[in-house]
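What follows is a set of notes on a single structure, which appears directly below.
Derivation of every value follows stated rules applied to the coordinates shown; laboratory data play no part. These numbers come from a predicted model, not from an experiment. Don't worry about glycine lacking a Cβ; one is built from the backbone with ideal geometry, like all the others, and counts go over all protein chains shown.
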Amino acid sequence: MSSPGQTVHTTLIIPAHNEEARLATTLHRYSVALRERCGPAFEIVVVANGCEDATADVARRMALKFPQIRVLEIDARIGKGGAILAGFDAAEAPDIAFVDADAATEPESLLDLLDHLKTHDVVIGSRRLPGSLITHKQPLKRQLFGSVFAVTARLLFGLPFRDTQCGAKAFRAESARLLAPMVRERSWMFDLDLLLSADAAGLSILEYPVTWADQPGSQLRLLPTAREVIGALWRLKRRAAPIAEVEPDLVPGYISAVPGADRDPAIVASVQ
């Protein structure tokens, strides 16, 4: 945790569910990188949720070495999205980012994303751009799943991004807090929901190439995830449909969370 009275420039959120085996390495790598960028003026918020192992204890031990580490321990399993939203609420810095607990995105790439917050509201890491570097590929089934999902998302929603699901994203704090009440998905589809919300709110979004490596121990299970994705795509498409065709209780997810958005033709058009 930052010292009393010390300004914190960057908050990094790491959602963690049963990550005791690899969390220490992740915290060390990102702490060293952020210290080189910010000196002591950063914080890492580990949101340990629904853990049945020593994830929170590992984070607390690492905080003895890096006092910028804070631990939020939540008994319930609230999903990656729920953990990140809890981190948004706890963040103290003007620049906020999140990464996966496996450190698949190189710390130097995270710093690149943060640097581009000078000119954009949201900066998302991408494994699918010229300049992206994959040093260790995913298994073929996961590659195919990711490719099909990326194409489907672009066709359904018209977003220009090649990679909505990379686990590294950065935000200006005011943008993160604007988006938090708009996002409803809490699991694997959180990232897409977040970007749809940011696009609907008219935020400036930059997709930027990262260096990335698949890590062993993934908790992704293809068949259950595929079922979840189909249902979530349907929900998100319903919410992104023309306003007259959407059930009233679904409209606030993209519209009423933005003050005056229901009267702003630009925002209404972007939802359509």
Checklist outcome for this item: Note on region 10-261: C-alpha Rg/Rh, Kirkwood Rh, two decimals, gives 0.94
Checklist entry - Dividing the convex hull volume of the Cα atoms of region 95-164 by its residue count, what figure in Å³ per residue is obtained? => result 117 Å³
Item to check | Table column - 3J(HN,Hα) (Hz), region 6-11, Karplus curve with 6.51, -1.76, 1.60, x for Gly and Pro | outcome: 8, 6, 9, 8, 9, 10
Item to check | region 155-171 residues near the modelled L129 label - backbone nitrogen below 16 Å, point 7 Å along Cα→Cβ | outcome: 159-171
Checklist entry - Relative to the Cα centre, what is the charge dipole magnitude of region 111-199, using +1 at the beta carbon of each Lys and Arg, -1 at the beta carbon of each Asp and Glu, and rounding to the nearest 20 debye? => result 340 debye
Item to check | Kirkwood estimate for region 66-194, i.e. one over the average of 1/r between Cα atoms, Å | outcome: 15.9 Å
Checklist entry - Can you give me the Cα centroid spacing of region 66-87 and region 144-174 in angstrom? => result 23 Å
Item to check | Cβ-derived FRET efficiency at R0 30 Å, A213 paired with D115, nearest 0.05 | outcome: 0.90
Item to check | Cα-based equivalent ellipsoid, region 123-172: semi-axes from gyration tensor eigenvalues, Å | outcome: 18, 16, 9
Checklist entry - If r is the Cβ-Cβ distance from R238 to R35 and R0 is 45 Å, what FRET efficiency results, to the nearest 0.05? => result 0.50
Next on the checklist: Quick check for me: using +1 on Lys/Arg Cβ and -1 on Asp/Glu Cβ, what's the dipole size of region 10-261 about its Cα centre, in debye to the nearest 20?
Outcome noted: 540 debye
Item to check | Farthest positive-ward along region 10-261 dipole, Cα basis, beta-carbon charges - from L155, G81, A180 | outcome: L155
Item to check | Extension gain from R77 to T152, taking 0.36 nm per residue of separation minus the Cα-Cα distance | outcome: 24.2 nm
Item to check | Label-point separation in nm, A173 to L64, each point 7 Å along Cα→Cβ | outcome: 3.1 nm
Checklist entry - Under the classification rounded if a/c is under 1.5, otherwise prolate if a/b is larger than b/c and oblate if not, where does region 49-98 fall, given a ≥ b ≥ c as square roots of the Cα gyration tensor eigenvalues? => result oblate
Item to check | Packing-based ranking, highest mean first, of 128-141, 185-198, 74-87 given that Cβ atoms within 10 Å are counted | outcome: 185-198, 74-87, 128-141
